[in-house]
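In what follows, a structure is listed as structure tokens, so that the remarks can point back to it.
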Amino acid sequence: MFSIAEIAQIAGGSVVGDGTSRPSGFSADSRRVSAGDLFFALVGARVDGHEYLRDAFERGASGAVVSDPLRCPVGRSAIVVRDVLAALHAVARAWRERFAIPLVGVTGSNGKTTTKELVAHLAGGTFRAYAAPENYNTEIGLPLALLAMPPDAEIGVFELGADRPGDIALLTRLLAPSVGLVTSVGPSHLEAFGTTTAVADEKWNLVRGLAPDALALVNVESPELLVLAAREPSRHLVTVGIAHGDVRARVLAAVPRLVVELDDPRLRIVTPLVGAHNATNLALAALCAVRLGVSREDVERRAATFRVVRHRMEPRAAAFGLLLDDVYNANPASMTAALRALEAFGGPATKHVVVFGDMLGLGDSARALHEEVARFALSLPIHCVYPVGDLATAAFAGTGDSRVRALPRGAIAADLVDELATETDAVVLVKGSRGMRLEDVADDIVAQSHSP
């Protein structure tokens, strides 16, 4: 890795203190600083990293990148730059340029993290595959993920997220991927984009930004992506889907394990993933792995050992049967898909229960979209629904359905566990946007179900 002096040169800054040391890592969050890290004191709309310089150094930072040197503790190494975020991008770009390996960029409204982890796992038996940590997919997260990529990596897999117009183009330029995957498009981040069509156009910037010899794999089950693929055909674009696409996936089973077949390449993939909505994610990842040089036999073998990403339709054992922990995020498309997966579990006597949290970031359409998904949920053979949040509560209250139980979130677990006290094959789905923090509710339900 670069020395402090080399980083200063790359970033167009000047060194204060010792410039010979080499950081062992990088961080922009003082709470996550490890000994030897270089801390980037980013200045944002709500947080100024300079306020946390002392905390970063107390946690073992070897230096800091700052725009205000007067706020750096005396005697500490620092790199002084005009723009800390621009410096972070410059250093990440310089590190990326040292790699002549395939880099995969994944974007989409749903399924980014699962698809990223799938690609890395499927390729991991053949290559030293690196997957960006967690959901490091922003203008801050992606460069940090790049800087964390080890020198001996043979394949790197990254997420690209979009909170506002222009994000995907910026991140694509930074990553310069050799393969781009677009998982889906749905009504997400509508506060920033307004329409699903605008979301699709933003995600398509990954395809537009690829080098001429790069490969694009796109899920055309999303109608907006099907339209874009037809408008911008390319010999390097391969479309994937179930009813549409150059490569088709057939779902043989959706629960309790996802089983998918592809004809070209010929594959039969059995995986612990849950739900038919994951079929296109699995197909994209498998096709990507094969194109990267993984044998079909290894793809099938590795798929069977994939571990479901935490809080993404994660099956968890409970005394009443099974809890599907899908609390990481939610929008109308992913909520509908999760409800369909819930319905597919068990038989006629199986009790299906939903803890339905607010879907955030939907802008002016939020009320109507919550009402639409609430009606869909109650059209299914659902035993009862526990809404959480103002939007979900209002949407379900408007239905007048007796299966709706509007309780304080702290009372849900006890009521639900009591309701299912005599059950052994019931299935409970807990899902909502990240801001609803429903992981506490899911944990409470599982814990209380196992209590004497």
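The values are calculated or read from the model by the stated rules, or taken from the named source; none is laboratory data. Please read all numbers here as calculations on a predicted model, not as lab measurements. As a convention, Cβ positions derive from the backbone with ideal geometry for all residues, glycine included, and neighbour counts pool all protein chains shown. For accessibility, only protein heavy atoms count, side chains too; no ligands or nucleic acids. Shrake-Rupley method; radii C 1.70, N 1.55, O 1.52, S 1.80 Å.
Data table
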| quantity | calculated |
| --- | --- |
| Residues (open to solvent by 20 Å² or more (accessible area, probe 1.4 Å) and in a strand (DSSP E or B)) located in the range 240-270 | 248, 250, 251, 252, 253, 261, 263, 266, 268, 270 |
| Selection count, the range 73-91, where residues are touching a residue at least 24 places away in the same chain (Cβ under 8 Å) and either touching a Pro at 6+ places or on another chain (Cβ under 7 Å) or of a type in the set (Asp, Glu) (or both) | 4 |
| Filter result (part of a helix (DSSP H, G or I), within 12 Å of residue 161 (Cα to Cα) and of a type in the set (Ser, Thr, Tyr)) within the range 99-116 | 113 |
| Scope the range 371-410; condition in contact with a His (Cβ under 8 Å, 6 or more places away or on another chain) and assigned to a loop (DSSP other than H, G, I, E, B); matching residues | 380, 381, 382, 383, 403 |
| Any pair with Cβ under 9 angstrom, 6 or more apart, that starts in the range 423-434 at a residue that is acidic (Asp, Glu) and ends at one that is assigned to a strand (DSSP E or B) and open to solvent by 10 Å² or more (accessible area, probe 1.4 Å) | 423/321; 425/321; 425/322 |
| Pair list, Cβ < 6 Å and 6+ apart or interchain, from the range 374-402 residues that are among the charged types (D, E, K, R) to residues that are open to solvent by less than 60 Å² (accessible area, probe 1.4 Å) and at pLDDT 95 or above | 401/378 |
| Residue count, the range 61-111 (criterion: open to solvent by 40 Å² or more (accessible area, probe 1.4 Å) and under 30 Å from residue 361 (Cα atoms)) | 3 |
| Selected residue (criterion: most open to solvent (accessible area, probe 1.4 Å)) from residues of the range 346-364 that are modelled with pLDDT under 95 and out of contact with any helix residue (DSSP H, G or I) (no Cβ under 6 Å at 6 or more places or on another chain) | 364 |
| Output for the range 379-403, where each listed residue is surrounded by 14 or more Cβ atoms within 10 Å (Cβ to Cβ) and on the phi > 0 side of the Ramachandran plot | 389 |
| Long-range neighbours under 9 Å by Cβ, at least six apart or interchain, first residue within 12 Å of residue 161 (Cα to Cα) and in contact (Cβ under 8 Å) with a residue 12 or more places away in the chain within the range 198-211, second open to solvent by less than 30 Å² (accessible area, probe 1.4 Å) and of a type in the set (D, E, K, R) | 202/167; 205/167 |
| Enumeration of residues in the range 321-344 that are modelled with pLDDT of 95 or more and part of a loop (DSSP other than H, G, I, E, B) | 327 |
| Top-ranked residue of the range 404-452 - restricted to ones that are open to solvent by 70 Å² or more (accessible area, probe 1.4 Å) and of a type in the set (Ser, Thr, Tyr), ranked as farthest from residue 330 (Cα to Cα) | 422 |
| Qualifying residues in the range 209-239 (those that are touching a helix residue (DSSP H, G or I) at 6+ places or on another chain (Cβ under 9 Å) and among the charged types (D, E, K, R)) - the one surrounded by the fewest Cβ atoms within 10 Å (Cβ to Cβ) | 232 |
| Condition met for residue 199 (open to solvent by less than 20 Å² (accessible area, probe 1.4 Å) and either farther than 30 Å from residue 434 by Cα or part of a strand (DSSP E or B) (or both)) | no |
| Hits in the range 54-77 (condition: of a type in the set (A, V, I, L, M, F, W, C) and over 18 Å from residue 144 (Cα atoms)) | 57, 70, 72, 74 |
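Yes/no per residue for (1) crowded, with 16+ Cβ neighbours inside 10 Å; (2) over 22 Å from the mean Cα position of the chain (by Cα):
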position: 290; (1), (2): yes, yes
position: 301; (1), (2): no, yes
position: 305; (1), (2): no, no
position: 308; (1), (2): yes, no
position: 312; (1), (2): yes, no
position: 322; (1), (2): yes, yes
position: 325; (1), (2): yes, no
